[in-house]
1. Testing Gln300 on (1) surrounded by fewer than 16 Cβ atoms within 10 Å (Cβ to Cβ); (2) at pLDDT below 95; (3) more than 30 Å from Glu393 (Cβ to Cβ), one condition comes back false. Which one is that?
2. Pairs only if they're at least six apart or on different chains, beta carbon under 6 angstrom, first in the stretch 503-515 and without any contact (Cβ under 8 Å) to a residue 60 or more places away in the chain, second not β-branched (Val, Ile, Thr); list them, first residue then second.
3. Can you tell me which residue is farthest from Asp455 (Cα to Cα) among those in the stretch 483-521 that are near ligand 1 (Cβ under 6 Å from one of its atoms) and among the hydroxyl-bearing types (Ser, Thr, Tyr)?
4. Could you tell me whether Thr117 is buried (at least 24 other Cβ atoms within 10 Å of the Cβ) and β-branched (Val, Ile, Thr)?
5. Exactly one of these conditions fails for Ser594: (1) loosely packed, with under 14 Cβ neighbours inside 10 Å; (2) modelled with pLDDT of 95 or more; (3) of a type in the set (Ser, Thr, Tyr). Give me its number.
6. Please determine whether any residue of the stretch 487-494 is within 13 Å of ligand 3 (Cβ to nearest atom) and either among the basic types (Lys, Arg) or within 20 Å of Arg410 (Cα to Cα) (or both).
7. Tally up the residues in the stretch 399-420 that are within 16 Å of ligand 2 (Cβ to nearest atom) and either under 30 Å from Gln253 (Cβ atoms) or not in a strand (DSSP E or B) (or both), please.
8. Which count do you get for residues in the stretch 263-274 that are outside any strand (DSSP E or B), in contact with a Ser or Thr (Cβ under 9 Å, 6 or more places away or on another chain) and surrounded by fewer than 20 Cβ atoms within 10 Å (Cβ to Cβ)?
Amino acid sequence: MASTKRNTIRVGILTVSDTCSRKEAVDKSGPNLKKLAEDTDGLDGVIVATGIVPDEISNIKETLLEWSDVKELDLILTTGGTGFADRDVTPEATKSVLEKEAPGLAMVMLMGSLKITPLAVLSRSVCGIRKRTLIVNLPGSLKGSQECFGFVQPSLSHAIQLLKGERACVKATHKELAASGPQPGPQPGPLPGPQPINMVSNLPTVSHGHHNCQKIRHHDVEKVARRPRDSIYPVIPLKDALKIVMDHTPVLQPEVVDINDALARIVAEEIKAPISLPPFRNSIKDGYAVLASDGPGVRQVMSDAIAGDAPDLELIPGHVIRITTGAPIPKGADAVVQVEDTELVEEADDGRREVSIKILSTPTPGQDIRPIGSDLQEGTMLVGPGSKLSPPELGLLASVGITKIKCYRRPVVGVCSTGNELTEPSEELPPGHIYDSNRITMLATLLEMNVPTVDVGITPDTVQATKDVLLKAASQSDVIVTTGGVSMGEKDLLKYVLSEELKATLHFGRIFIKPGKPTTFCTFEYEGAKKLFFSLPGNPVSGIVTFNHFVLPCLRRMMGYTNPHLKRIKCRVMADLKLDPRPEFQRAHLDWQSAEDGVPLASTTGNQISSRLISMLQANALLALPSQSDQQKMIPKGSLVEAVVLRL
Ligand SMILES: Nc1nc2c(c(=O)[nH]1)N[C@H]1C(S)=C(S)[C@@H](COP(=O)(O)OP(=O)(O)OC[C@H]3O[C@@H](n4cnc5c(N)ncnc54)[C@H](O)[C@@H]3O)O[C@H]1N2
Ligand code: MOO
Ligand SMILES: [Mg+2]
């Protein structure tokens, strides 16, 4: 939902017109600008305020102040009152609230308009900044306002990013603009309808979620020589990437699951105990059911009560009944004396029967008896929505006879490895090939989580094969995880195939982390259902680290976890650690045995290059190291750092 996106551009549209404010004319420019500003292929803004005011400085000024200072809008578009007529005062009202002017925007409108009409020279539009709000005066006519919006629109997201201080996005936009060379000048847009003129308007749409970065230019993958020399994808911070993923992750509907298939599932209902445990008084010991007030002494053995017998025996005072652990306590008995506290007095039938025994201890009432409900009272809440069904939960439910449990549905996850160089580990290794290790790693992780999987196999690096396999995976699964083919190589086709061939919405294509920088996330409508695509980097460790950071929380949310996020704890590093320019997740072993004050000691697992899978072996955590700065190049031994817990 657009309005919940953190970095969405919040827009106000103010129509300045005496006649419209008196309802003598219909405002066409305001609603048209609304459509243009909302266009997801263009500004992708959210309209949070609209208004019509007369051509009066005080009215205009009051609205501008409220929208910038109180509503804190990112962008205010005014339409009307910018000409030479006596009543045209929008520029004067605007100037009176501006803290800084932005004459370039007014100029680009003038230059563009002059190509259409020489009368454009009479426009007096003013643009500028008040606090964090950009205010742009547009002409009043439908045609003029649409044209002028089209001229400034390509610069607006970037200008707003700058005002908001969204640094990753801004840097990426600068890089992209620098890489793509001189831009064509503004051109008029067709009328009518919401078709903003965009410097990159002929390019495919690639959404950047709430980042609102410029659209992405994909080269023709056949034309290797023309590939961009720098990535066209902005590098976004980890937390923003995770937010985008989670914003697109639904919690799946519940379904009824048999207890035998319910391991690791998340419960979607409250389950209360339908019976008490034990359901009848039973013995805690193997021994004799007695009447405590009979005290110690020789007693006749009446009969025996064995676990599994119906509770229908009755003890006559002065006697005992032999009893086993778990057997029902006979009526009339109020204590059990363990066999160790007794002696045989007389036997019969060649030792097959006890005639009498001697109680050696003095029993107390209730001794070694489990009363009804002493383990669990009927009606006690056993599990609730969000509870994970681990072995103890399953045992508890079974103990009260519950075998059908409403749990959240699990997503089906398709797993695919991409790369010409990959061979199945069971086959002979051809020259230049390596064995596919990513797929089994992902599939086994999902198996551990009891998530159903579809093994989509290995796909070679061609557009057609990649497209086919992605569509096949989409037809069989809810979430698709691929590895490989997301970086800068000519055979790195995933981003291209997803966004161009499938027309999936690519939400991000690079993240500011090490390893895992080229991680890519898309959503895709397939036969009316939304599919989530995670295209993880091919390097085996990058795949695992990004699987943990993005796929795991996503799947956990889908399958009903109340807290799907990775657990972070503090640990103490055992050696100096050099910082990378990127925030880095170093594989580490946390040692709780030698923990001081509960803080485990962390040692990294050797060379951290992302191809070195053996570095995962002893790793039960990832140290979350900050990126290097001028002030900090390393973390000294003994420092506390945060670690993402992989396993305990
Ligand atoms: N010019 C640049 N090159 C690279 C950059 C960059 O920014 N500029 N990024 C590097 C980073 S960081 C990573 S991570 C990798 C990501 O690579 P891809 O996702 O494109 O993956 P591939 O190129 O297909 O493979 C990379 C590497 O991993 C091996 N691999 C792939 N799949 C498997 C598998 N299933 N099992 C085992 N090993 C696998 C593959 O053979 C390659 O060695 O890009 C860098 N390049
Ligand atoms: O991001 Mo790559 O994952 O550094 O190896
Ligand atoms: Mg590659």
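The values are calculated or read from the model by the stated rules, or taken from the named source; none is laboratory data. Being a predicted model, the structure only gives us computed values, none of them experimental. Cβ coordinates were reconstructed from backbone atoms using ideal geometry, including for glycine residues, and neighbour counts include every protein chain displayed.
1. (2)
2. Listed pairs, sorted by first residue: Ala504/Leu498; Ala504/Cys522; Ala504/Phe524.
3. Per the criteria, the residue is Ser487.
4. Values: buried (at least 24 other Cβ atoms within 10 Å of the Cβ): no; β-branched (Val, Ile, Thr): yes.
Criteria not met by Thr117.
5. All conditions are met except number (2).
6. yes
7. Our first condition is that a residue be within 16 Å of ligand 2 (Cβ to nearest atom); within the stretch 399-420, this holds for 417-419.
After this cut, where a residue has to be either under 30 Å from Gln253 (Cβ atoms) or not in a strand (DSSP E or B) (or both) as well, the list is 419.
Within the stretch 399-420, residues that are within 16 Å of ligand 2 (Cβ to nearest atom) and either under 30 Å from Gln253 (Cβ atoms) or not in a strand (DSSP E or B) (or both) number 1.
8. Qualifying residue count, the stretch 263-274: 2.
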